[in-house]
1. With viscosity set to 1.002 mPa s and temperature to 20 °C, compute the Stokes-Einstein D of region 173-295, Rh being the Kirkwood radius across alpha carbon pairs; µm²/s, no decimals.
2. Using only the alpha carbons of region 224-295, what is the convex hull's orientation-averaged projected area in square nanometres?
3. Let me know the charge dipole size of region 68-293 about its Cα centre in debye, to the nearest 20, where only the beta-carbon of Lys, Arg (+1) and Asp, Glu (-1) is charged.
4. May I ask you to compute the full-extension gain from L207 to L230, defined as 0.36 nm times their residue separation minus their alpha-carbon distance, rounded to one decimal in nm?
5. What per residue convex hull volume, in Å³, comes out for region 68-293 when only alpha-carbon positions are used?
6. Based on the Cβ-Cβ distance from L179 to F214, what FRET efficiency comes out when R0 is 51 Å, to the nearest 0.05?
7. What does the extension gain come out to for W186 and T157, with contour length at 0.36 nm per residue minus their alpha carbon separation?
8. Under the definition of Cα pairs under 8 Å and six or more residues apart, what whole-number percent is the relative contact order of region 68-293?
Amino acid sequence: MRSSNPVFSRRGFSRDNGYAGFNTAPQAGGPAVGGSPYAQGAGNPYATNPYAPADAQVGAPPQAPAPANVMTMDDVVARTAMTLGTVVLTAVLSWVLLPVDQANIGMSYGIAIGAALVAMVLALVQSFKRKPSPALILAYAAFEGVFLGVISSTVSTYIADGVVAQAVLGTMAVFGGVLFAYKMRWIRVTRRFYGFVMAAAMGFVLLMAVNMLFAVFAGGDGLGFRSGGLGILFGVIGIILGACFLALDFKQVEDGINYGAPREESWLAAFGLTLTLVWIYLEMLRLLSILQGDD
């Protein structure tokens, strides 16, 4: 059953009976292989061809969707560019329009927190929907960008002027490195890999939630997981987890293209990639902030 958590949800890996396409060599429109939601056969939501004639014989072998309506790499790149572009645009606007000086910092923080909550709700709504909604995904990206813009502006103003550019470059480096390693098959997404990443991520998020609760009620930095030596350690762990999620995202895209998923699924791929890159950027920004603050 697919996780309802947008951070952990990866449609290509968990639907009903197992994991998708692990250790398989799929072909678009081919017979069912593994448990992929994109494979033809029983349990596949795309096994019935919506473009077939209305008088098609009942019980006839399912046909693959028309080539013009299947997901391609160009679709994924275009949707991801739109989603990330929305994040960047609203981040820049919030950086410029929501100053974090002493006179306005309270208002700016309030707007940023509100935007983060709205983005989280929109992400959850999308994760519960059976089909992707471009409007929801772009709205999530817009509100997430507002939050990132204020946070980035604050770090740049009060910690180090160049740390934001370093975090962006670091995020791009992680993306490029994982993509290269995945294409070279140095990273193989298997059931064991998937299970390890999910367990580690849930443990990580639980620890961060406990730390935040201690910080809210006890003051300071809670249990100290986000500052000092422990902060550096957990920052590195967070970035590594983000890199693992990138591998899951790449596998999802690869399976979707190989199995001939509908074009609309490219929006889910873009959504997953955006969530992961935002995760990596925030962890990178936090790690660099700690390192710069210790100088």
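1. D, rounded to a whole number, is 135 µm²/s.
2. 4.8 nm²
3. 640 debye
4. Length gained, L207 through L230: 7.1 nm.
5. Output value, Cα hull per residue: 133 Å³.
6. About 0.85, to the nearest 0.05.
7. Difference between extended and current length: 6.5 nm.
8. Relative contact order for region 68-293 comes out at 32 percent.
Only the coordinates and a few stated rules stand behind these numbers; no lab work does. All figures in this text were calculated on a predicted structure; none of them were measured in a lab. Because the Cβ atoms are built from the backbone with ideal geometry, glycine has one as well, and the counts that use them run over all protein chains shown.
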